[in-house]
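The values are calculated or read from the model by the stated rules, or taken from the named source; none is laboratory data. Only a predicted model underlies this, so the values are computations on that prediction, with no experimental measurement involved. Here Cβ is always computed from backbone atoms with ideal geometry, including for glycine, and neighbour counts include all displayed protein chains. Side chains included, ligands, DNA and RNA excluded: accessible areas come from the protein's heavy atoms. Shrake-Rupley method; radii C 1.70, N 1.55, O 1.52, S 1.80 Å.
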Amino acid sequence: MENKLEKIVQAMQAQFKLQVEEFRGEAHVFVGVTQIVDALTWLRDQQGFELLSAMTAVDYWPQAEPRFHVIYQLTSVANNLFLMVRVPVNGDQPEVPTVSGIYACANWREREIWDMFGIRFADHPDPRRILMPPDWEGHPLRKDYPLGYEEPQFTFNYEEIDLRKPYAEE
Amino acid sequence: MTQIEEVTLDELKHLVSNRAITGETMMLNMGPQHPATHGVLRLLVELDGEIVINCIPDIGFLHTGIEKNMEAKTYQKAEVMTDRLDYLNTVGNNLAYCMAVEKLVDLDVPPRAQTLRVLLTELQRIASHLIWIGTHALDLAAMSMFMYTFREREQILDILELISGQRMMTTYIRPGGVWRDVPVEFEAAVRDFLKTFPKRLDEYEGLLTRNPFILDRLLGIGKLTKEQALSHGVTGPILRATGVDWDLRKKRPYMGYEEYDFNVPLRTEGDNYARYLVRMQEMRESLKIVEQALNRLPMGPVRSDNRKFIPPPRSEIGTSMEALIHHFKLWTEGFDAPKASIYSAVEGPRGELGVYLEGDGGPKPYRVHMRTPSFENVGVIAEMAKGHLIADLIAIIGSIDFVLGDIDR
């Protein structure tokens with residue numbers, strides 16, 4: 001870990017009481033669901049992490065506690081630093097407070113995570129699906145969601161496959 | 001027959017102004033099949049006469065579940081999916097993914113492969129910017145530009161075909177190096193491009209840079225401030241056109257970028273014209289890097305010789321039992337990556353192209369997330385377009401330079 005980053009992580013540890021992991025020189029900071037808004041506000045205003053580079057989630061199904069990690073990849077353009085913040089989320093009715101008030105781009109990224117993982121973002125200004133159709137059922141990037149495929153229809157089995165094809169309800 | 005339901009504004013009430021609900025302003029649907037949206041982007045535009053009040057992008061028409069598909073493939077096989085993300089920057093996507101894999105398993109890349117990677121990604125950056133200027137000028141009614149830029153782009157695609165057999169979906173860059181060494185004709189082909197392209201670039205600038213019709217459509221339109229850009233996560237030429245000096249090639253050099261002599265073009269205005277100037281200058285800088293890379297191209301192997309990750313050459317398999325075992329293991333099972341996660345980013349033509357990669361100790365990635373720059377860049381259309389004419393919206397879309405495959409993944 002770089003010296004500058006280590007100092008920030010230490011200051012953050014003193015303020016928020018959190019766990020830190022390091023892998024290949026990258027710092028991964030674990031923050032609780034209740035602290036995330038305070039932690040990101042502090043990182044942006046006090047430490048100059050003004051860019052939310054990426055935001056995504058991981059599903060650890062069938063592990064239930066915590067089932068998800070929500071990941072915030074922050075960049076400090078002024079200090080040339082990177083920091084990964086991870087928020088473990090419970091699998092039962094997962095909900096995280098929105099950070100779209102801190103980083104405007106989180107608006108779409110949170111819609112994407114809701115769409116793909118089914119994690120709710122409390123007080124989100126626009127809680128719609130973003131990539132999948134609005135009437136889609138399920139959340140595709142969850143590990144208990146099967147990777148689907150379509151059976152190719154040939155002349156000899158066209159009718160047979162057609163009968164069990166899941167067409168949209170009329 | 002399915003009944004066509006009447007569309008109401010109920011679902012979008014929180015995104016439009018009150019005047020839209022009372023019917024004072026007009027909601028106009030633009031796309032998804034509209035030539036100026038450069039793909040299948042749908043924009044819901046709230047209009048007061050011809051002035052844009054609100055602009056609501058609707059994406060997802062090209063969603064193909066690339067991230068889900070990659071989780072079901074081994075690390076080597078998942079790479080072909082990355083070509084299909086941003087189909088104008090295929091080599092750059094391969095580089096971003098391969099660098100993430102190399103970081104996760106700690107794999108070295110020989111110097112010749114590093115130089116080849118730099119050379120090819122910079123050629124690809126030029127090709128991508130050529131598409132941008134061609135289609136952007138086409139939207140602004142400068143039709144001939146489209147023909148000119150596609151002529152030059154074809155030259156770059158020919159070079160890619162020469163080295164990989166494919167014009168676009170090359171998958172030439174592989175974890176630990178590149179697929180195989182370049183053929184002898186490669187140097188002459190690149191030298192030819194280096195010789196002809198600067199003249200062509202001068203011609204483009206002569207046609208467009210001081211053209212009053214172009215200036216009318218670009219100057220002062222679609223302004224974005226530094227703070228807006230950073231908050232919206234905008235990167236690449238759009239961020240640099242607002243005056244933020246942020247280029248990962250300079251700030252976090254990878255693949256030996258610190259050894260090349262090049263500048264990062266910056267503007268402070270943040271409007272369409274600033275973005276135009278930044279990208280035009282970037283093509284010249286990329287050309288400088290290509291020339292330096294070609295001049296210094298060192299001899300040596302093009303793939304790492306770490307046999308736990310890289311299959312042995314065909315010649316070894318006939319004589320060495322160990323090589324045969326490695327070959328068999330790598331092509332049936334693949335290699336294992338540690339149970340850990342990393343984030344690795346490169347500077348693509350559109351901005352920060354990041355990969356979040358998590359391994360679970362097995363041969364398949366547990367989670368891959370592609371942080372694609374177009375996703376964030378399209379999110380600022382509303383900020384840029386507010387208060388401008390609907391005709392300017394077309395110019396703004398062109399100057400953002402997004403690729404729908406990159407947004408929807």
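The length gained by stretching the chain between B:ARG84 and B:THR225 to full extension, at 0.36 nm per residue less their Cα-Cα distance, is 47.5 nm. The charge dipole of the protein assembly as shown, taken about its Cα centre with unit charges on the Cβ atoms of Lys, Arg (+1), Asp and Glu (-1) only, comes to about 1600 debye.
Positive-end ranking of A:LEU18, B:GLY49, A:MET116 along the dipole of the protein assembly as shown, with charges on Cβ about the Cα centre, is headed by A:LEU18. Straight-line cross-link partners of A:LYS17 among the lysines, defined as a Cα under 28 Å from its Cα and at least 8 positions apart when in the same chain: A:LYS4, A:LYS7, B:LYS339.
For the stretch A:24-122, a crude dipole built from +1 on the beta carbon of Lys and Arg and -1 on the beta carbon of Asp and Glu, taken about the Cα centre, is about 140 debye to the nearest 20. For a straight C-alpha distance cut-off of 15 angstrom, the aspartates and glutamates reachable from B:LYS250 (same-chain residues fewer than eight places away being disregarded) are B:GLU122, B:GLU258, B:GLU259, B:ASP261, B:GLU282, B:GLU285, B:GLU347, B:GLU352. Rounded to the nearest Å, what's the spacing between the alpha carbon centres of the stretch B:383-399 and the stretch B:336-371? Just the number, please. What the calculation gives is 34 Å, centre to centre. Ordering B:PRO110, B:THR22, B:HIS326 by Cα displacement along the dipole of the protein assembly as shown toward the positive end leaves B:PRO110 in first place; charges were set at the Cβ atoms of Lys, Arg (+1) and Asp, Glu (-1).
If I take every Cα pair under 8 Å that is 6 or more residues apart in the stretch B:220-329, average their sequence separation and divide by the length, what percent do I get for the relative contact order?
Value for the stretch B:220-329: 22 percent.
Using a 1.4 angstrom probe on protein heavy atoms only, the contact between A and B buries about 4100 square angstrom of accessible area, both sides summed.
Determine, from the Cβ-Cβ distance of A:TYR145 and A:ASP123 and an R0 of 30 Å, the FRET efficiency 1/(1 + (r/R0)^6), rounded to the nearest 0.05. It comes to 0.70. I want to verify a result. In a Gaussian network model of chain A, Cα cutoff 10 Å, which of these has the top mean-square fluctuation: A:TRP42, A:TRP136, A:TRP114? It is A:TRP136.
Assign one of three labels to the protein assembly as shown, namely rounded, prolate or oblate, based on the Cα gyration tensor with a ≥ b ≥ c the square roots of its eigenvalues; rounded applies when a/c is under 1.5, prolate when it is not and a/b is larger than b/c, and oblate otherwise. Rounded, since a/c falls under 1.5. Helix content alone sets the calculated 222 nm mean residue ellipticity of chain B: runs of n ≥ 4 DSSP H residues at -39500 (n - 2.57) each, divided across all residues, give -15000 deg cm²/dmol. In terms of its C-alpha gyration tensor, the stretch B:202-301 comes out oblate, because a/c is 1.5 or above while a/b does not outweigh b/c.
Seen against the Cα atoms of chain B and their longest principal axis, helix B:321-332 is set at about 20 degrees. Accessible area per residue for the stretch A:44-118, computed on protein heavy atoms with a 1.4 Å probe, is 30 Å². Which of the three applies to the stretch B:34-149, rounded, prolate or oblate, going by the alpha-carbon gyration tensor with a ≥ b ≥ c and a/c under 1.5 meaning rounded? Judged from the Cα gyration tensor, the stretch B:34-149 comes out oblate (a/c at least 1.5, b/c at or above a/b). Which lysines have a Cα lying under 19 Å from the Cα of B:LYS223, excluding residues fewer than 8 positions away in the same chain? Within the straight-line limit of under 19 Å, B:LYS223 reaches these lysines: B:LYS386. The alpha carbon radius of gyration of chain B, expressed as a multiple of 2.2 N^0.38 Å, is 1.06. What you get for chain B, charging only the Cβ of Lys and Arg (+1) and of Asp and Glu (-1), is a dipole of about 920 debye around the Cα centre.
Which whole-number percentage describes the relative contact order of the stretch B:1-146, with Cα contacts under 8 Å and a sequence gap of 6 or more? That works out to 11 percent.
The candidates B:ASP158, A:ASP115, B:ASP139, arranged from most to least accessible area with a 1.4 Å probe in the full protein assembly, appear as B:ASP158, B:ASP139, A:ASP115. Residues of the stretch A:64-101 that lose at least 50 Å² of accessible area (1.4 Å probe, protein heavy atoms only) when the other protein chains are present, relative to their chain alone, are A:VAL77, A:ASN80, A:PHE82.
Using the alpha-carbon atoms, what tilt in degrees (0 to 90, nearest 10) does helix B:272-296 show relative to the longest principal axis of chain B? That works out to roughly 10 degrees.
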